[in-house]
Amino acid sequence: LLSGGVPKRTITTISGPIGLGKTCMAWQFMKKGLYADEKVLLMTAKDSPECLLQTAAELGYDLGWALDQSRLFIVDWRSVLPEGAFVADLVQAFFTRILVLIKENEIKRLVFDPLMPISTVGTSMELSFFYAIRDQLSERCPDLTTWVLLMEPFSDMMIGSLPFDSWISLAWKE
């Protein structure tokens, strides 16, 4: 499907409508990394880690072993949001937490699914996070391969204008 895959040490956006397979692609990406002895961090804002692992197992991605061996880390990043903080404070708190996890655990693959909780979506906040991913993660973690999963319609508005290395857009085909 990806004609050989996605290059390492890049930031890739995966976009498309709900239910098209972005998360399944991400689980495959994470699984391949785990089997290549890479540590993986999933930053989520949609379900608890337990629920995500159960769903993944039902789809054929039984990765509980990687969690038990401290090779897979799942963080619901809503837990790091300071109450009443301004966008700049949110971005800084978010990336401080991520950078610590990446460095302490020698993470090689990072997936945001989705980037932000639906309740906080706003164009200026989304753009702040996108640029922070590029500026903070790329510079401080040059060996990291990052996937950012985006749902429509936001992804449609931003296609081609985000500061990432590549963009994979999924669509329904009749």
Of the residues in region 19-39, those that are more than 19 Å from Ile107 (Cα to Cα), of a type in the set (Gly, Ala, Ser) and open to solvent by less than 30 Å² (accessible area, probe 1.4 Å) come to Gly21
| said: Take the conditions outside any helix (DSSP H, G or I), surrounded by 15 or more Cβ atoms within 10 Å (Cβ to Cβ), at pLDDT 90 or above and not basic (Lys, Arg) and apply them to Leu42. Does it pass? | reply: yes
- Message: Going by what's in this entry, would Ser124 be described as assigned to a helix (DSSP H, G or I), open to solvent by less than 50 Å² (accessible area, probe 1.4 Å) and modelled with pLDDT under 70?
- Response: no
The condition from (1) touching a Gly at 6+ places or on another chain (Cβ under 8 Å); (2) small (Gly, Ala, Ser); (3) at pLDDT 75 or above that Ser138 misses is numbered (1)
Here the residues within region 50-96 that are of a type outside the set (S, T, N, Q), part of a helix (DSSP H, G or I) and modelled with pLDDT under 85 are Trp77, Arg78, Val80, Val87, Ala88, Asp89, Leu90, Val91, Ala93, Phe94, Phe95
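The values are calculated or read from the model by the stated rules, or taken from the named source; none is laboratory data. All figures in this text were calculated on a predicted structure; none of them were measured in a lab. Because the Cβ atoms are built from the backbone with ideal geometry, glycine has one as well, and the counts that use them run over all protein chains shown. Note: areas computed on protein heavy atoms with side chains; ligands, DNA, RNA excluded. Shrake-Rupley method; radii C 1.70, N 1.55, O 1.52, S 1.80 Å.
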